[in-house]
1. Nearest 20 debye, what's the magnitude of the dipole of the stretch 132-211 about its Cα centre given +1 on Lys and Arg Cβ and -1 on Asp and Glu Cβ?
2. What list of whole percents do you get for P(r) of the stretch 127-220, with Cα-Cα distances grouped in 5 Å bins up to the one holding the largest distance?
3. Of all beta bridges DSSP finds with both residues in the chain, what is the antiparallel percent, to the nearest 5?
4. Output ³J(HN,Hα) for the stretch 99-109: one whole-Hz value per residue in order, computed from phi by the Karplus curve 6.51 cos²θ - 1.76 cosθ + 1.60 with θ = phi - 60°, and x for Gly and Pro.
5. For the chain, set up a GNM with springs between Cα atoms under 10 Å and report which of 41, 107, 158 has the largest fluctuation.
6. If eta is 0.692 mPa s and T is 37 °C, what Stokes-Einstein diffusion coefficient results for the chain, Kirkwood Rh from Cα pairs, in µm²/s?
7. In the Gaussian network model of the chain, springs joining C-alpha atoms below 10 Å, which of 26, 61, 120 carries the largest mean-square fluctuation?
8. Once the Cα atoms of the stretch 43-108 are picked out, what are the Rg and Dmax in Å?
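Read the figures in this text as sums done on the coordinates, not as results from a lab. On a predicted model such as this, the values are computed, not experimentally measured, just so you know. Reconstructed Cβ throughout: ideal geometry from the backbone, glycine too, with neighbour counts over all protein chains shown.
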Amino acid sequence: MASVFIVEDDVKIRNELMRLLQKYGYECFSSDDFANMPQVIFDCGPQLVLLDINLPVYDGYYLCREIRKSSRIPMIIVTSRDSDMDELMSMNLGADDFVTKPYNTQILLARISSLLKRAYPEQPNDVLLHRGLELDVSRGVARFHGKETELTKNELRILRLLICNKGRILSRDEIMNDLWQSEEFVDDNTLTVNINRLRRKLEGIGVTDYLTTRRGQGYMV
């Protein structure tokens, strides 16, 4: 399921767009924090952004430029402004496509699908993607926005297990049982050390608040 972040201040249009995309299997995110929108998007880690131009605080041109300073995430401008200059400015600032309102929903869906296919060609089974983080199992590295970090065998197995069970809390016993299968001796203290080291490595490439601790329950991403 691909994830889409919608930057739209008109609540009615935003909700209609979210319902449309969810109907076709997309995971949707949005926010009213327009003053900090680039950081909100980075923290969410979507695979594509739909961006209006007429917005409070900062317009879509500013947001497009700010996002492009540190990310190549696919962006489609969806706006009622339909002049050639608006489209040209959008493309020059780094947008990947330009769609005018009112739009044909099927054409918009086709544009989204086409851009996602170009941006994310079929990944092999040993590459996992979640919230913008790529885990390359075959190379033992985690990547985020062009930066990568090497993982030890235990760190790799822990992160792979959590991503494969994303959205679900895994107990410490479940994680340790999985690590035991690799014939590594793992006790409770060793797991804590590996979790903390994994967190520091992810933070080193800009991934914050990714691995969540549920006190007395376990961990999840």
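1. With Lys and Arg at +1 and Asp and Glu at -1, about 300 debye.
2. Percent of pairs per bin, in order: 2, 14, 28, 27, 19, 8, 1.
3. Values: 15 of 30 bridges.
So the antiparallel bridges amount to about 50 percent of the total.
4. So the J values, rounded to whole Hz, are 10, 9, 8, x, 10, 6, 4, 5, 5, 4, 4.
5. 107
6. 173 µm²/s
7. 120
8. 11.5, 33
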